[in-house]
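Right, one structure below, let's go through it.
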Amino acid sequence: MTIRTAVTRASRFGLLLAVLTFLLGTAPVRAASSIEIDARALVGGRYEVGGWLAVAVTLVNDGTPTAGDVTAETPAGTVRRHVEMPAGARKVVMLYVQPEAFQRTLSVRYEEPNGTVSAEVPVRVLEQSSGQRAIVGDGGGTLRPQLIGAGEITGPEPLLLAPSDLPERPEALRGLDAIVWAGDSASLTEAQRRTLERWVDEGGQLVVIGGPDWQARTAAFTDLLPVEALSAVDGVPQAALAAWAGSEEAATQEATVSTGTLRADARALITADDGTLLASMRPVGAGRVVLVGTDLASDAHRGWEGSPRLWGRMLPSGAIIDVWMGGGFPIREEIDTSYSGALETLPSLAVPPAELLLVVIVGYILLIGPISYLVLRRVDRRELAWVTAPLLVLVFSGCSYGIGRTLKGSDVIVNQITVIRSASAGTAASVETLAGIYSPDRATYDVSVEADALMGRLLSMNRSGFGTAPSPVRVEQGDPARLRDLAIGVFGFEGVRAIGVVEHDAGISVSWTSRGGRPVGTVTNLGETTLADVAWISAAGGEMIGDIEPGESVEFEVPSTNFNGSSASDQVYGFGGFNSGSDEQRRIQLRRQVIDALVGYGGLVSDGGKVGGSDARGPYLVGWRDGDGPLPVLVDGQESQRYATEVEVIAARPPLGVGAVTLGPHMMEIAVVEMEGDASSGGPGVVHLGTGSVTYSVALPLEASGLAADEVEILVGPDPHSLSSGGGGFGGFWPNGYTVEVRDPSSGSWLLLGDLGTRNRFEVDDPAAALSLSGRIEVRVTGEADPSFGQASIFISARVSGVIDQ
């Protein structure tokens, strides 16, 4: 009996198993994805902290047609781009993401109905304390050794890139200080060429190498080069190049040189003995383009002794002064906070009147307190207070909400600011649209831009000084671009940004002359509408110029030294003026906040923007007008009130010009080239020195090439801040035993200037014994440290006066 039961149970189990197997066998099987994916990060996989990384994603479909999304996760949300994949298709699509700081890998997926495939991409953040350089087209490995020996001893090695490593958007190039081009530029797409144009205009340094292969190398940069009508000249003597580099022998005695006619706004750097232009420079916006006619990407120059000094002058880095004095590498949170403050200048976001708040509070206290008590006592039902109190709270809350609804309104409101950065040497502009969205209700919104723009949230510090924790959003890249799932609370406010490059002719231009040794600018309105509140702004201050009608030109003078350190917005609009009670006051407050975002809150003591290198915080000319701009942000499916403002921004660095000039310590390009003994880095450009020595290179800006110096003064301080206002003449900060020497560029010998124990400013009797032909000064500080004192903090700069005769 027991055996029969066991057999019966086994039979039933077998029957059930057979049925399940049949059912599962007849169920449809989901096929695996036939897509193959490969991903490669451009720009060597490097990105700026808080900046954009460009990822080229290659998709291959050997199966049936499908469609899906290329996706990556970021700290701010999900970024995706929709891609259709017909059978047999092979596509390369671009995805732009903002990795978190110090991220080392990025996962990219392609999600489609049949499954998901993924790829891991190695990434790395760019160096911040020193300028990062890149070389394009160094196939023979001849340029990299030259640039490695040219930078500050703690600087990063140059990135080796191919033309295909360049993105088609300038945002992914931010963080690169300089690009040396020795590749085939004819292979660049129009979008890549325009990207390089915008990158230079925003502060990049582009050095194009010529020589026999000049046509391929310069093909994409014809409109940017400092010369026109290019041609090749054979047998050009190279002695002048060697002298400029401080070398006794040239790498080659003669060479084929690409040269041409110097443009009006360009400057010759090196001229051969026969008059052939060997190297030239042209400022473009906030950056510069240098053409070297000699082919430095050759075996002869690989181990040439003059290469380190030549590249040290050709690619000066302003990172040291930038980091210490507020230019370059701007703090993103500071900028976004200023932009958020500008977007919040709306009547609906204003704090209710104090009188109304007082009435409401007093009314609430009286209602829930004595009035309620007296009423209940009169009807002799005081025990009902347990019921009436919550009811009164609900009634009062409803009334308060109704008052707020009446004051704030019931419409979605969009306050938009469009920042258009253009240049006179190009036909494109970088556009950043910032939109503040006010919601009367708790809701989730989708916003879009009818263009292939990069979108994201505007991350800023809240009013308590702490960063907000935003809810995740989904960003769909493409044309149109969309940001989905933007959650906003009741009477809440959120900011978004959209970034893109558009075809645009500059609406404003500036030309420069000199009057009494001071730069005088002439600003012209090139557009068809009036530009309001045109102003010159920089990290050192600002100057209001006023409204300019279409076609009108107005002169202005660059402000003198800003001794009180007030901000550009204070100097343009005056101190105070933070009340936002009227439309005009709100308009001024908005413009003040945008100026603070562009050039910073506090002015430096120095007199204007630093010459040379990447300078992302001015100086600029700005002009205002009403309008949506080329990249308006729209709230999908919503009728909204819109307020829209445009600001045209153009780089406005005063040139040095011809004649007598004085270059202050903030204008010098400074690098630490050697440390010996008890010496260690104390931050960009600062060395902690005990018993040992440190050698500095102090270089004039390239714009001062050809300066005949009549005064050279070496300045020493514990850090760049101590020299920003002239450096003083103090002694005693350092103990005895720290001596200062300057190197004679012609003989190579060192000339003793004095002891830091007595003074920190040293005038050189013979300027020619300190300043090389390339405009470079080498200074050495040697210490015999007192054991009881420890290491001393050292920073070097200079003040040079002379005449530029070109």
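Brief remarks on what is shown
- Put simply, the amide H of residue 738, placed in the peptide plane, has neighbours under 5 Å in 756, 757, 784, leaving out anything fewer than 5 places away on its chain.
- Low-density loop positions, GluC sites (Glu not before Pro), the range 465-552 - DSSP coil, at most 14 other Cβ in 10 Å: 528, 552
- Scattering from the range 693-806 was approximated by placing one identical point on each alpha carbon and applying the Debye formula without solvent; log10 I(q)/I(0) at 0.10 1/Å stands at -0.29.
- Here, the range 431-558 has an Rg and a Dmax of 20.4, 61 Å when only alpha carbons are counted.
- Remark on the range 194-247: hydrodynamic radius 13.3 angstrom, per the Kirkwood mean of 1/r across alpha carbon pairs.
- If you wrap the range 53-194 in the convex hull of its Cα atoms and look at it from every side, the mean projected area works out to 10.3 nm².
- If R0 is 45 Å, the Cβ-Cβ spacing of residue 803 and residue 189 corresponds to a FRET efficiency of close to 0.50.
- Rg and Dmax, both from the Cα atoms of the range 629-773 and both in Å, are 22.9, 76.
- Full extension of the chain between residue 300 and residue 60 yields a length gain of 82.0 nm, computed as 0.36 nm times the residue separation minus the alpha carbon distance.
- Calculated FRET value between residue 91 and residue 747, using beta carbons and R₀ = 45 Å, to 0.05: 0.10
- Percent of Cα pairs exceeding the 18 Å cut-off, where the set is the range 45-128: 42
- Put simply, the amide H of residue 481, placed in the peptide plane, has neighbours under 5 Å in 449, 451, 453, leaving out anything fewer than 5 places away on its chain.
- Relative to the current alpha-carbon distance between residue 84 and residue 711, full extension at 0.36 nm per residue lengthens the span by 219.0 nm.
- Accessible heavy-atom area order of 36, 171, 713, highest first, probe of 1.4 Å: 36, 713, 171
- Label point distance in nm, residue 76-residue 511, each placed 7 Å from Cα along Cα→Cβ: 4.1
- For the range 745-795, chymotrypsin sites (Phe, Trp or Tyr not before Pro) are listed when DSSP marks them as loop and at most 15 other Cβ atoms sit within 10 Å of their Cβ; the list is 789.
- Our coupling estimate for the range 208-217, obtained by passing each phi through the Karplus curve with A = 6.51, B = -1.76, C = 1.60 and θ = phi - 60°, is 9, 8, x, x, x, 9, 5, 5, 5, 6 Hz, Gly and Pro reported as x.
- Computed on the Cα atoms alone, the convex hull of the range 117-262 gives a volume of 146 cubic angstrom per residue.
- Long-range HN-HN contacts of residue 126 with modeled amide H, under 5 Å: 47, 48, 49
- Label-point separation in nm, residue 100 to residue 274, each point 7 Å along Cα→Cβ: 6.2
- Length gained on full extension, residue 441 to residue 358, computed as 0.36 nm times the residue gap minus the Cα-Cα distance: 27.4 nm.
- ³J(HN,Hα) computed for each position of the range 57-70 - Karplus, 6.51 cos²θ - 1.76 cosθ + 1.60, integer Hz, glycine/proline x: 10, 9, 10, 10, 10, 9, x, 7, x, 7, 8, x, 10, 7
- Shown is the FRET efficiency for residue 784 and residue 254, computed with R0 = 51 Å from the Cβ-Cβ distance and rounded to the nearest 0.05: 0.55.
- Distance between modelled label sites at residue 374 and residue 148, nm, 7 Å Cα→Cβ extension: 9.0
The values are calculated or read from the model by the stated rules, or taken from the named source; none is laboratory data. All values reported here derive from a predicted model rather than from experimental measurement. Heads up, the Cβs are rebuilt from the backbone with ideal geometry, glycines too, and the neighbour counts pull from every protein chain shown. Accessible surface is based on the protein model in full, side chains and every heavy atom, while ligands, DNA and RNA are left aside. Shrake-Rupley method; radii C 1.70, N 1.55, O 1.52, S 1.80 Å.
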